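Heads up: the structure comes next, in structure tokens.
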């Protein structure tokens, strides 16, 4: 127990007794997010506004107790897992829409607002919020800011950092500051950009100003069916090579299609080797031309069938399968380990081969979903954690796959973050000097190591490293600087 | 399932299946669909939280405590989470079995559970007892005494009785199986409370079914579907009632069993699951479940001459129709075909109203919060008619209409379609 009676009382004084959880049964679900890592907090606290967030952070700092911020707990790198116990600061009560400005095309919201709600309220002005993680019905804007969340529709429009103009934050040291601006052009150092994607290690966003974009006139979604992943991958290169920037360009392999179809009945061909979802939007005449180009590229590379959806309900059905695909894997295996790596598009086919080889070597079936347009892979290793030793082996296999991505000239994460899951792999990409510079950035925001500890950067001790994680690292190779 | 696999459970034979629990990959996509999460903002009051507690009890990480009981009992079992779960977690089944554990060894409120079990077994499930008990209720609903009590304000101080009064519409004559026990190709399921307090809905259902060309009848000997008992964790009683209904409907010879109450329909479509462990009944239960069809689902496939209903209609999904049976387009299409009506979509039409079987009686605070959300929508949209397809919801909307201070009729879907 790292939370003393004194701190518990201090937290209750700030937010009220009913907004502090500390009974073991109440804490259990806060030990996890969407990933494998677990660690029980000592207390969960629900501040209702900026001042309360500030007071909670200061109280924890005063008692030298770690703080871990949490949105909806849908994250996929262990970012909201309180690795060193202590206090989880949840934003669930801060879910007010503060302002929608259809003229400036911005909205100001609290961090606990679910992503989908932004698009819902913007819809009445013909606008929407572009980044659309697959968890968008649940995940929060605060969590999106922390992870610099992406989504299928980020290919053309960019990820969270391209859509958040400014933020009020409570820093790790407990200062309230404004980063960025209310307008589009902040000057000076871009601290807003530093904060977005910092995975909750620099502070907590308490108000977020987002950009809203107009709903396009015409949207066409194509479902192109292929016999294998190779032909689908070549089509991706051909589409981009033809100068098209689709709103989304997604690929799913056979295993994923079968799970999605079984779970969500969205009309996918379960016997296909791979499908591409290609979405084109804009002015009708332009879209029409692009659809012709995209169809030609698909046909040229061996598409066996191309379906076209123009009505919202038809398009929604095609997307329903994609957005629920990962979760639908629960139908074919009790657990999956969802990886998030990036490779240059030109290395896609070869990397896929390596992924297949590694997962086969470890004996784990693999399902692949990817944001093919930007080379963002999501291999999912299927396993059963109830078999002893399996979790350690699946982490080992995951580490080997990440290694392959890095060696192909890619990155450790496209959108899920480094979190606790992959902090040990950071030396594959960065020198000790790079990492030290990043630590100094933390210091600027007052994080002495207790604010969302053990995330992003490799830590020496005190992070409760589990033996299997050490094993995973050892198996993946030496900590070479790539 | 072997008892040794589930050391944490007091009632091993009805313990939540470890395979069902393992299906949850804790992705969290369910949380915002959950009404109790929407109200509390607490993940422990969300499907993921409740499943995680069940896993922890199964793995003996925590004992079955009063706090665990509280979190499970706050669940409405609306199954909105199941509808959005990509992994296909059978949440309803998990929660019924979790509650069976509470029933076997309640950490607290033992007498409340025993009282409920007694009432469900000896009143709700016994048609004559229920009829005798509800006859004065029907009389009271239409008597001048009711108006007097309302105006006096005394009902505010009568706790659950006052809440029941607010939910009471103006029930017509009962409709019991003996009222139409002939034969035909379509059997109507009449249920328990539905047949005593919603006779008008049954009569309307019969007329609408006939207008659609069906020969409908109500087989004698049928009774409560068992859903209320199952939801409360009394699976033994639910199985008894299911077996009785299976025998009745087998003997009826009807090809199709039409159910106009969402909660009953969902439960009866799952008879196969409920009786899977019973070698004598498993196959028959599957066969019966396959013959069950919801009233609107049945009509959607038939040629129903359009009726007429003037005004703005707000259709509110019954959870066990929309989420458990996946039926939400059919009722809207049927209503949309009525002459003279305008369908109004209110926000949260598919979110639980807080009736949830007997939930409004045992969890009045949460039920009230959810009812208030509906009332706020009714105040904003001012519909003339509110239509739903489940008796409990209908009662909750009576109360919500009064809370909203608007003039609106609350009708069962069959009554709306029956208007000419």
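I'd like the full set of residues that are in a loop (DSSP other than H, G, I, E, B) and in contact (Cβ under 8 Å) with a residue 40 or more places away in the chain, limited to the range B:183-216. So that I can check it myself, show each step before the final result.
Step one: of the range B:183-216, the residues in a loop (DSSP other than H, G, I, E, B) are B:183-185, B:190-192, B:198, B:212-215.
Residues satisfying the conditions are B:183, B:184, B:185, B:191, B:192, B:198, B:212, B:213, B:214.
Quickly run through the range A:16-58 and pick out the residues that are more than 12 Å from chain B (Cβ to nearest Cβ) and surrounded by fewer than 22 Cβ atoms within 10 Å (Cβ to Cβ).
A:16, A:17, A:39, A:42, A:49, A:50, A:51, A:54, A:55, A:58
Taking only the range B:216-233 into account, find how many residues are buried (at least 23 other Cβ atoms within 10 Å of the Cβ) and out of contact with any strand residue (DSSP E or B) (no Cβ under 8 Å at 6 or more places or on another chain).
9
So, restricting to helices (runs of 4 or more DSSP H) that lie completely within the range B:327-392, which ones have at least 2 residues that are within 21 Å of residue B:30 (Cβ to Cβ)?
Counting at least 2 such residues, we get B:364-381.
Return the residue satisfying two criteria in turn: it lies in the range A:115-133 and is assigned to a helix (DSSP H, G or I) and in contact (Cβ under 8 Å) with a residue 40 or more places away in the chain, and of such residues it is nearest to residue A:96 (Cα to Cα). Write out each step before concluding.
Within the range A:115-133, the subset assigned to a helix (DSSP H, G or I) is A:115-123.
Subsequent filtering for residues that are in contact (Cβ under 8 Å) with a residue 40 or more places away in the chain retains A:118, A:122-123.
Working: A:118: 11, A:122: 14, A:123: 17 Å.
Once the filter is applied, the top-ranked residue is A:118.
So, in the range A:92-132, exactly how many residues are within 11 Å of chain B (Cβ to nearest Cβ) and farther than 14 Å from residue A:208 by Cβ?
Total satisfying the criteria: 4.
Among the residues of the range B:68-80, what is the count of those that are without any contact (Cβ under 8 Å) to a residue 60 or more places away in the chain and either assigned to a helix (DSSP H, G or I) or within 13 Å of chain A (Cβ to nearest Cβ) (or both)?
Selection size over the range B:68-80: 5.
Quick one: in the range A:374-391, of everything that is farther than 15 Å from residue A:341 by Cβ and not in a strand (DSSP E or B), which residue is farthest from the other protein chains (Cβ to nearest Cβ)?
Top of the filtered list is A:389.
Select from the range A:187-215 the residues that are on the phi < 0 side of the Ramachandran plot and surrounded by fewer than 17 Cβ atoms within 10 Å (Cβ to Cβ) and write down the one among them that is farthest from the chain's Cα centre (by Cα).
Out of the qualifying residues, it is A:187.
Tally time: how many residues in the range B:33-57 are in a helix (DSSP H, G or I) and farther than 14 Å from residue A:25 by Cβ? Break it down stepwise before answering.
Within the range B:33-57, the first condition is being in a helix (DSSP H, G or I), and the residues that meet it are B:33, B:35-40, B:43-45, B:47-57.
Subsequent filtering for residues that are farther than 14 Å from residue A:25 by Cβ retains B:33, B:35-40, B:47-48.
Final tally of qualifying residues: 9.
So that you can scan it fast, the table gives a plain yes or no per residue for (1) within 11 Å of another protein chain (Cβ to nearest Cβ); (2) farther than 23 Å from residue B:263 by Cβ; (3) surrounded by 15 or more Cβ atoms within 10 Å (Cβ to Cβ):
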position	(1), (2), (3)
B:66	yes, yes, no
B:100	no, no, yes
B:130	no, no, yes
B:133	no, no, no
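Within the range A:415-446, track down each residue that is under 18 Å from residue A:145 (Cα atoms), touching a strand residue (DSSP E or B) at 6+ places or on another chain (Cβ under 9 Å) and assigned to a loop (DSSP other than H, G, I, E, B).
The answer is A:415, A:416, A:445.
Kindly list, by first and then second residue, each pair from a residue in the range B:351-368 that is closer than 22 Å to residue B:224 by Cβ to a residue that is surrounded by fewer than 22 Cβ atoms within 10 Å (Cβ to Cβ), limited to pairs with Cβ atoms under 6 Å and residues at least 6 apart or on different chains.
B:361/B:160
Values in this text are rule-based calculations from the coordinates and carry no lab data. Because the structure is a prediction, the values reported are computed rather than measured. We place every Cβ from the backbone using ideal geometry, glycine too, and count neighbours over all the protein chains shown.
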